[in-house]
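Read through the structure below, which is laid out as C-alpha cells, and then see the notes.
The values are calculated or read from the model by the stated rules, or taken from the named source; none is laboratory data. If you're wondering where the values come from, they're calculated on a predicted model, not measured in any experiment. Cβ atoms come from the backbone with ideal geometry, glycine included; neighbour counts cover every protein chain shown.
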Amino acid sequence: MKILVAFKRVIDPDARIKLTADRSGVDTDSVEYKANPFCENALEEALQIAEEHDGEVVLVSAGGPDIDKTIRAGLALGAERAIRVEIEDTVLDSDLAARVFAAVYKEEEPDIFFFGKQAIDSDNNQCGQLVAEYLGLPQACFASEVVIDDDGEVATVTREVDGGLETIALTLPAVITADLRLNTPRFAKLPDIMKAGRKTIDVMDLDDLDIEDTALKIELVSLEEPSARQAGVKVGSIDELVDKLKNEARAL
Amino acid sequence: MSEFYADMRDIRFNLFDFLKLGDLKKHERFAHADPELISDILDMAFQQAAEVLYPINEIGDRVGAKLVDGKVVMPPGFKEAYKTYSESGWTGLSVDPEHGGQGLPFVCHLATQELFTAANVNFMFTPGLTHGAMGLIAEFGTADQKATYVEKMVTGEWAGTMCLTEPQAGTAVPDLKSTATPIEGREGFYKIKGQKIFISSGDHELTDNIIHLYLARVEGDPPGAKGVSLFVVPKYRVEGGKAGAFNDISTVALEEKLGLHGSATCQLSFGDNDDCEGWLLGGQGNGLKCMFKMMNEARIAVGIQGVGLPAFAYEKALRYSKERVQGSRVSDMKKKDADRVAIIEHPDVRRMLLRVKAISQAGRAMLYYGAYCFDNHLVAADEKESAHWMHQLEILTPIIKAWCSDEGFNACVEALQVFGGYGYIKEYGVEQLLRDAKIASIYEGTNGIQAMDLLGRKVARGGGVMMRTMLGEVTKFIEGPAKEGPLQGEVVALGKATAALGQVAMSFGQTMMKGDVDYPMMHATGFLQMFGDVIGSWLLTSQATIAQTKLDERLSAKGIDANDQAELTTYLQDDADARFWHGKVQSARFFANQILPRVRARAAQVKTEDRSALNVVF
C-alpha cells in the first residue's frame, strides 16, 4: 500500500509576526517555521496505516529549498522519501496547490492521499477537497478515525461534522483530510533524525508535472493586523454590568 | 500553568557561530555531524523538553518519589516519559557507534541535556546516571561485561547508578566500610556487603533492572585509597541477557530534601542476607581511578544544572516582568497620574534580569567550550594538540562544576527576586528551580573540594602547564583584533583581571613553597571564582565581537542608524535575530563592567594577608 501525504510548513504559531511595509505579506526575516499541526496528524495516520498494512509513506510539499528542513522533520518521523515541487510558496493559492498535488498523485498513484484538514496560516480548508474533485476520487474530510480493511480496498472514516460524527466508507484510492483528534503524533527518534538526512527528496517543477493552468484564482488585496485590544472598564455593580451588556454591548 | 522556554538562539549561536561546530566535520570521526542535522536534533530536543518532560516537572516536585512497601514509586508520568526519552535514543547521542550510539560530538549531547535539565532536572537523574555508569563499563569493562550491560544501558532498557557515599565516608571516600569477598570458583565475582547513602535513582520502577557501580574493599586489601575496588552490582542478576534472580539489595529509606523531590535519593543496603553478588570492574584496587573518570563527566553534568536552571529562571522572570504592572517610571514619580508600567521598566529590575541572563550565558559558554575541548582532543592530529585541548578541559572541569553551580544558584535567587512575593510562593515555579539548583554546589565533590582541586592540583601540576595553556587562549584574544574593536573597553578590563588572576596564582605558589598551605587554601574558593569570572568574561566578550558584526550587517542592510537609540530600540522589538545579537553585546558589557571587577577585589583580599579565619578560636 502506498500513501501520499501533503506536508506543509507554517510560520511558528507562537511567534510574533509582523506585516511587510506594503502589507502584501508577512515579514519573514527571522521567523521560524514548523510543520502544520494538521499535516502532522495526517502523517501520523499514514505511518500507522503503513505499519499495519506493510505500506510506504511518501511526503509531498511545494516550495523552495528552504522548506527542506520541514520535510526532513517529516522524514525523521518515518516517511520513506519525499517529493518537493519547486515553486515559490508565497505565490501559491489553494487551487494551484491542488493542481500541483493532483499532478503528483498521477505520478505516484497512491492508494490514499492524506492532507491536513487545513493549514493554520491561511486557514483555507480547500486543498484536499479540490484535489479529490480534480482527480474524481472519493473524499472524507475532517477525519477523526480511519480504519482500512484487510484487503486494503476500503477505508471506513469517522468524520467530525456539525452536531456529531458521521461514518462513511470509501473505495480506495481516496482523499482523506485529518482533524486534530485523529491521533497523537509521535516524536522522532534520534537514529531516525540521523537517517532522515540520507533519505531522498526528489525535486520536480511545474513543467515536469505538465501543469498547464498555473494561474492564481485568488488575488491577495491586502493584509491587516488585528486591532489592539481595548482597555476594559470596571463596573460598580451587577446591575451596571447587566445594563452595559444590554445597552452598550447588546449581548443580551 | 506555565510553558517551557529556552534561549535556542544562544544555544545555536554557541555551537554554530562561536565554536563553529561545522569545522569538526573535516575529521572522519565527526564527518556525519552536519550543522543542519544538529540543528534538527536541537529542535527535537526542545520539543521533547517542552512536551514530555516539562509537563511532569511540577507534579514531580509536589508528589515526589515515594517509598511504598520497600519499593520506590516515582512521581506520576515519569515512567511514560522515561519510555519516550529512552526510545528516542537521547542517551546514545554522543556514544560510540560501536556501543549503539550516534557518535556525535559531546558538546551536542550537552546542549540537549541542558534543555532536558531545565525542563525537569528531577527526571534527568535516571538517564544521567545511566549514561555515566554505562560510560565506565564501556571504558573499563571486559568484553563479557560490555556485552552484558552496555547496549542495554545505551537504549535505556536498564538504568545505572553510582554507589560511593557511606554514612562515615562522604568526601573522604576511602574511609568506606563496604566489603567484597571472592566467590570461590568464579573468578571476578565477589559477595558484596555494605550500606550506601545518597544514591540518586537508587531504586525505581522505570526499568527492568538497575546496574549499580559500587565501591568496596576486597577482604584483606590495604586501608585507604589503594584498597578500593569498583564492582558492577545489578539489582537483578543477569541470566541469559535478562533480569533474573533478586540480588539482595534493599531500599532502607528515601531522603527528605530541600529540593529534588522527584529524584529518588536512596539509602541502600547490599547483602543483608549474604546473597549479593558483584562483578569486579577495572581491576582490583583501581576503584578510585575508574571512578574519577566518571566523576569528571559528572562534574561537567553538574555544570549543566548550573546553566539550565538559571537560564529557565531567567525566561520565567523575563515574561513575568513584562506582564506585572507596578508603579510608574522612576523618572515620572513626581508626575500626577503617571502611567502605571510593567516592572521591566524599572532600572533595578532590568539590572537583575540582565545579571541573570549574563551569568546563564557565561555558564553556557564555559560549559560548551569545555565539551568542545573534549571533542577536539578526540580528533587531535598528534599528542601535542591533544594535550592542548585536554589541559584546558582539565583546568576547566572544577571551574565548570563550581562556578556554574554557585553563580547559577545565585542567579536563581535573583530571578526569584524579580517576582517579589510571587516568587516566594509556588505559583510561578521559580522557587522550585531555586530549591532544585542548590544541590549542585554540594554533590559530586563540594565546591570547596573543587576549589582545592583547582588550586592544589590543576594549577600546580606539570609546572603550571594547564593554567598557562588556558590563559594563553585568553591572552590571544586580549591581544588580538578585538582590542581595537567596539568592545575595546571590555577587552582592557579582561586584560587587567587576567593579570590579577596570574599574580594571585603566583603569590600562592610562593606562599606554599614557604610551607604555608592553609592561607592559599582559605582563599581557594575565591580563587576559583576569580578564574571563572575571567573565563566567563573572555567567552562572552569573544562572542559579543561576533554578534556585533552580525548586528552591524543587519542594521546597515535595513538602513537603521545604530546611534539613534530610539530608532534602534523600535527596530529591535520586531527583529528577533538583531535583538539577540544586540543582547549578546549587552550581556558581555554587563559582565565585564558589573561582575568582572570582583576579580580585582578578590585579589585585594588575598593581598591583605588577613588570617582571622585561621586564627579564630571557635
| message | For the stretch A:197-220, check the following and say yes or no: at least one residue is within 14 Å of chain B (Cβ to nearest Cβ), in contact with a helix residue (DSSP H, G or I) (Cβ under 8 Å, 6 or more places away or on another chain), free of Cβ contacts under 8 Å to residues at least 60 places away in the same chain and not in a loop (DSSP other than H, G, I, E, B). | response | no
| task | Examine the stretch B:445-468 for a residue that is over 23 Å from residue B:165 (Cβ atoms), surrounded by fewer than 21 Cβ atoms within 10 Å (Cβ to Cβ) and among the hydroxyl-bearing types (Ser, Thr, Tyr), and state whether such a residue exists. | result | no
| note | The condition of being touching a residue at least 40 places away in the same chain (Cβ under 8 Å) and under 21 Å from residue B:577 (Cα atoms) holds, among B:30, B:116, B:78, B:13, only for B:13
| message | Can you find a residue that is under 25 Å from residue B:412 (Cβ atoms) and acidic (Asp, Glu) anywhere in the stretch B:374-389? | response | no
| request: Can you work out which of the residues in the stretch A:1-41 that are more than 14 Å from chain B (Cβ to nearest Cβ), of a type in the set (D, E, K, R) and in contact with a Ser or Thr (Cβ under 9 Å, 6 or more places away or on another chain) is surrounded by the fewest Cβ atoms within 10 Å (Cβ to Cβ)? | output: A:22
| field | When residues of the stretch B:20-43 are limited to those that are farther than 20 Å from residue B:10 by Cα and not acidic (Asp, Glu), the one surrounded by the fewest Cβ atoms within 10 Å (Cβ to Cβ) | value | B:26
| Looking only at the stretch A:176-196, which residues are among the acidic types (Asp, Glu) and more than 14 Å from chain B (Cβ to nearest Cβ)? | A:179
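Of all the strands (runs of 3 or more DSSP E) wholly in the stretch B:246-340, which have at least 3 residues that are within 30 Å of residue B:181 (Cα to Cα) and either modelled with pLDDT under 95 or not basic (Lys, Arg) (or both)?
Details: elements: B:249-254, B:265-270, B:277-281, B:325-328.
Here the list reads B:249-254, B:265-270, B:277-281.
Restricted to the stretch A:24-39, and to residues that are more than 8 Å from the chain's Cα centre (by Cα) and outside any loop (DSSP other than H, G, I, E, B), which residue is modelled with the lowest pLDDT?
Quick first cut of the stretch A:24-39, residues more than 8 Å from the chain's Cα centre (by Cα) only: A:24-35.
Keeping just the survivors that are outside any loop (DSSP other than H, G, I, E, B) gives A:26, A:33-35.
Numbers: A:26: 85, A:33: 90, A:34: 91, A:35: 94.
The residue in question is A:26.
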| query | When you scan the stretch B:346-459 for helices (runs of 4 or more DSSP H) that lie fully inside it, which ones turn up with 1 or more residues that are over 19 Å from the mean Cα position of the chain (by Cα)? | reply | B:347-378, B:383-418, B:421-424, B:430-438
| query | For residue A:21, are the conditions met, namely being in a helix (DSSP H, G or I) and over 21 Å from residue A:144 (Cβ atoms)? | reply | no
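When you scan the stretch B:60-101, how many residues do you find that are in contact with a strand residue (DSSP E or B) (Cβ under 9 Å, 6 or more places away or on another chain) and away from chain A (no Cβ under 14 Å)? Please lay out each step first, then the result.
Of all residues in the stretch B:60-101, those in contact with a strand residue (DSSP E or B) (Cβ under 9 Å, 6 or more places away or on another chain) come to B:64-67, B:70-75, B:82.
With away from chain A (no Cβ under 14 Å) added as a condition, the list becomes B:64-67, B:70-75.
Residues that pass the stated criteria total 10.
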| Do we have any residue at all in the stretch B:23-38 that's within 13 Å of chain A (Cβ to nearest Cβ) and under 17 Å from residue B:312 (Cα atoms)? | no
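Using the structure shown, decide if residue B:589 is within 21 Å of residue B:356 (Cβ to Cβ), among the charged types (D, E, K, R) and within 14 Å of chain A (Cβ to nearest Cβ).
Considered against the rule, which asks whether it is within 21 Å of residue B:356 (Cβ to Cβ), among the charged types (D, E, K, R) and within 14 Å of chain A (Cβ to nearest Cβ), residue B:589 comes out as no.
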| field | Those residues of the stretch B:204-221 which are in contact with a Lys or Arg (Cβ under 7 Å, 6 or more places away or on another chain) and in a loop (DSSP other than H, G, I, E, B), in sequence order | value | B:205, B:206, B:209
| field | Which numbered condition residue A:66 fails, given (1) touching a Phe, Trp or Tyr at 6+ places or on another chain (Cβ under 9 Å); (2) modelled with pLDDT of 95 or more | value | (2)
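Residue by residue, here is whether (1) on the phi > 0 side of the Ramachandran plot; (2) surrounded by 24 or more Cβ atoms within 10 Å (Cβ to Cβ); (3) of a type in the set (Gly, Ala, Ser) holds:
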site	(1), (2), (3)
B:370	no, yes, yes
B:380	no, no, yes
B:383	no, no, no
B:388	no, no, no
B:400	no, yes, no
B:404	no, yes, no
B:413	no, no, no
B:417	no, no, no
B:420	yes, no, yes
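Per-residue answers, yes or no, for (1) of a type outside the set (D, E, K, R); (2) assigned to a strand (DSSP E or B); (3) buried (at least 18 other Cβ atoms within 10 Å of the Cβ):
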| site | (1), (2), (3) |
| --- | --- |
| B:58 | no, no, no |
| B:61 | no, no, yes |
| B:72 | yes, yes, yes |
| B:76 | yes, no, no |
| B:81 | yes, no, yes |
| B:86 | yes, no, yes |
| B:91 | yes, no, yes |
| B:95 | yes, no, yes |
| B:98 | no, no, no |
| field | Residue list for the stretch A:106-156, filter: in contact with a Cys (Cβ under 9 Å, 6 or more places away or on another chain) and outside any helix (DSSP H, G or I) | value | A:114, A:115, A:116, A:117, A:118, A:119, A:125
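So which helices (runs of 4 or more DSSP H) are wholly in the stretch B:547-618 and hold at least 3 residues that are surrounded by 11 or more Cβ atoms within 10 Å (Cβ to Cβ), in contact (Cβ under 8 Å) with a residue 12 or more places away in the chain and touching a Gly at 6+ places or on another chain (Cβ under 9 Å)? Give the steps one after another, and end with the answer.
Values: elements: B:565-574, B:576-590, B:597-607, B:612-615.
It comes to B:597-607.
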